[in-house]
Each structure stands twice: as C-alpha cells, then as structure tokens.
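Some notes on the structure that comes next.
The values are calculated or read from the model by the stated rules, or taken from the named source; none is laboratory data. Not measured: the values here are computed from a predicted model. Here Cβ is always computed from backbone atoms with ideal geometry, including for glycine, and neighbour counts include all displayed protein chains. The area values use the complete protein model at the heavy-atom level, side chains included, leaving out ligands, DNA and RNA. Shrake-Rupley method; radii C 1.70, N 1.55, O 1.52, S 1.80 Å.
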Amino acid sequence: MGDALHARGPLLCVVGARPNYMKMAPLVRAFAARSDLPTAMLVHTGQHYDVAMNEKLFADLELPAPDLNLQVGSGTHAVQTAEVMRRFEPVVDELAPSCVVVVGDVNSTLACSLVASKKGIPIVHVEAGLRSFDRDMPEEINRLLTDQMADLLYTTERAAADNLAREGIPRERIQFVGNVMIDSLLRHSARAVPPLETLARAGIAPGVFNAQGDFGIVTLHRPSNVDQSLALSQALGIVRDVAERLPLIWPIHPRTRGNIELFGLSSLLTGARIVLLEPQGYLETLGLLAKARLVLTDSGGIQEETTALAVPCLTMRDNTERPVTIEQGTNTLVGRDRKRILACVDEVLATGGKRGRVPELWDGRAAERIALHLSGWLRDRATRQAEARA
Ligand code: UD1
C-alpha cells in the first residue's frame, strides 16, 4: 500500500472504553469542521460493551455511532489486547488511514497503536505524556508504549513534555494543546442533569440527603483498590466512615460491584448513607460532580473534571499522572489512609476545601487546536512524500 494512499485515507479514530468517549467526541466534531482534513471514521473496539457504559454516553456526548465495532469484550489484558490487534489489523489494511488517532491509556489505545506502528501508519496520541511513575498500573504501561510509537503527541499539561523528553521523544513531535475532556465538559455543562432528577429516575427519595441537601460522590474501580479482598474491604470501610459525615452517591463500576459480591463484602455497605447507582450517563455524571461537596475517587478523568468544576477531589491513590490537578486544581492524594481521608473530609466540610484554578488551555478549544495542527502536519507530510517520490 503506497504512502500516497495513506495521505488520503480517513482519520481512523479509536475508542474502546468509557473514558475515551468524552475525549474523542470533541475531536470527531473538530475534524468534521475542517474541510482540509480527511473524513474521520470512528472505530469502537468493544472493550466496554454494557449499554450503561456505552450507548447512553454516546448520545449524551453527541458522538456519532461508530462506523465499526470490533466487539472484543472483556478478557485478561493479554487476551483483550491481542484480540483488539487481531481485529483492528484488517480494518487498517482495508481503509489505509491517513493516521490512527488514539486517546488516553486504555488497552485499546495501546493495541491499535501497535497495529498502526507495524504498518507504518502515523499514530496521533491525544493526552500524551502523562506519567504516574507506577508501572503496576496497566495504564502506565499503555501510556509509555503508546507514546514511544506515536508520531504526534498532544499534551494536556506542561509536565507531560518533560516526561516525554526524558524518554527520548523528539520535542518537535510534542504539542501542548490543552484538555479535550474539558472541551466536552464545557460544551455540555449547561445540559447537566440535576442530581435530584438522577436519583428520582433511579427510584430514590431525596430524604437520603442531609438538611442542606449536601452529598459527596464516590467512584472506585482501579485494580489497586478493588481487585483484592483486603484493599476493597479497607476502601469500603473508609467510604462507610465518610458517609457518617456526608451522605454519598456512588455510581458503581461493574468490576467493583462484581468484586464486592465475589469477596462477600456487601454487608459493609448496608445501613450506611450510601446510594449505589448503576453507571451513569455523561450528563448525569456532570450534574452529580458539579453539585457535590466533595468527590472521593480513583479515576483519572474525574481528577481533571473536578479541577475544572472547582469541586474538592480526594483521590484514593498514592500517585497521579495528572500533577496539575494537585498543583493548580482541587485535587489531593489520600491513598487508602483512613485517618487522612476523614481529616480531609472534615476540612472540606468546615472550610470548603482546597481552592484551585483552571489550568492553562483547559478552555474548551483543545480539539480545535489539534484539528488545526493535524491538518498542517498531514499536509507537510504529503508534500515531503511527494518530493521524495519526484
Ligand atoms: C478500563 C481501563 C481503565 C479505565 C476504565 C474506565 C484498561 C487497562 N483499563 O478499566 O483505564 O479507567 O476502563 O471504566 O484499559 N465490564 C463489564 N461491562 C463492560 C466493561 C467491563 O461488566 O462494559 C467488567 C467485566 O467484568 C470486565 C471488567 O469490568 O472484566 C474490567 O473491564 P476492562 O475493560 O478490562 O477494564 P476496566 O476496569 O473497565
């Protein structure tokens, strides 16, 4: 397959799991708005497949239905990654894309990058250069390897370029553009669903709140917190203690719900002021986050969304790949340190907690910047290739 064809083929945009959708939606929109870019095609690997983790989010984000769904489903990391690769390769062969656009750090991000890399197709990584420096996290391995293969690395915060430089990535491949996830947040904030409506839809009476109508949000799904019985029971004990100070709403990830049952820990949640919900849509989640007194999470994206919303975030991890949320935003790392977490909760309830500012270029226009830059890059590349052939 010739390079000239590559230069004209579609922009092959890959999503696999929930945190990819809010990053890809503004990109697909910004690509479509530029007539000097090839058509964008959306491929869903099928890593996430539950309706609650998919269709509703696509609709909320105004993300068009995928052109292709590879339906890989769950599996061990090796099986999932290999299966994405096996199914993505013929797609790349058939479509001869101009480039493959991947976002974030999930297994699908790495798998599709590997396929593109072996085929000599340019890889565009959006949200490049984030590092937790914790190689026990599957996402850290996905980030490191994807960035090694990527031709264009678009970053969300300044520290990312330093991380990439340390790993030998040439500076000219790196562009600081801001945060596409915040593009989605700003675009859809006005449509956020009020928390009472979300609870009512789930059949829950508003009486669960305290007199001021205050509540906190919990989300936990990282293997380090939920895959081992001891860690999960510690985490549930902490959540229970926090709920004595502030009623909590917890939209629970299927992996976490499954493990609570598997390890026989459901009793830790009974009787506490904790409302468990199914995974929520994007507009429901935005509404819940925006109105929360505080958020207790181990998510990557929510650390950034709470910073953009100026809501205090206690991150139940020992590290973060998103240091700007600590340095400038409302985020605090608390691990599974019960005493520290309760002290932080008390402080938030007494004083409102950490006051941050919105980081540089988290202004709702990151995807536009990427589309503009990518269009110039593809044009220059096509020119270079034409010159090389002449
Ligand atoms: C994945 C990402 C993680 C991201 C998270 C957001 C990797 C390595 N991890 O983790 O970075 O923060 O998505 O949700 O890519 N399951 C369902 N329905 C689904 C999907 C998953 O029930 O639609 C259950 C299955 O039991 C599955 C388990 O969740 O085995 C884990 O799913 P998987 O896609 O492997 O990883 P996540 O934990 O969702």
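Apply 1/(1 + (r/R0)^6) to the Cβ-Cβ distance of residue 79 and residue 32, taking R0 = 35 Å, and write down the FRET efficiency to the nearest 0.05. The value I calculate is 0.55. What a 1.4 Å probe finds exposed on segment 49-179 is 52% carbon and sulfur by accessible area, rounded to a whole percent. Calculate the FRET efficiency for residue 357 and residue 390 from the Cβ-Cβ distance with a Förster distance of 41 Å, rounded to the nearest 0.05. Calculated value: 0.20.
Could you give the distance between the Cα centres of segment 46-92 and segment 305-330, to the whole Å? If you average the Cα positions of each part, the centres end up 28 Å apart.
Its DSSP H runs of at least 4 residues, each contributing -39,500 (n - 2.57), put the calculated 222 nm mean residue ellipticity of the chain at -14500 deg cm²/dmol, to the nearest 500.
Label-to-label distance for residue 186 and residue 162 is 2.5 nm, based on points extended 7 Å past Cα in the beta-carbon direction. Using a probe of 1.4 angstrom and keeping all protein chains present, the accessible surface of the chain works out to 41 square angstrom per residue.
Between residue 118 and residue 212, the simple label model (points 7 Å from Cα in the Cβ direction) yields a spacing of 5.6 nm.
Taking the 1.4 Å solvent-accessible surface of segment 281-390 as the whole, the part contributed by carbon and sulfur is 50%. For segment 191-248, give the percent of accessible area contributed by carbon and sulfur heavy atoms, probe 1.4 Å, rounded to a whole number. Exposed carbon and sulfur together represent 55 percent of the surface.
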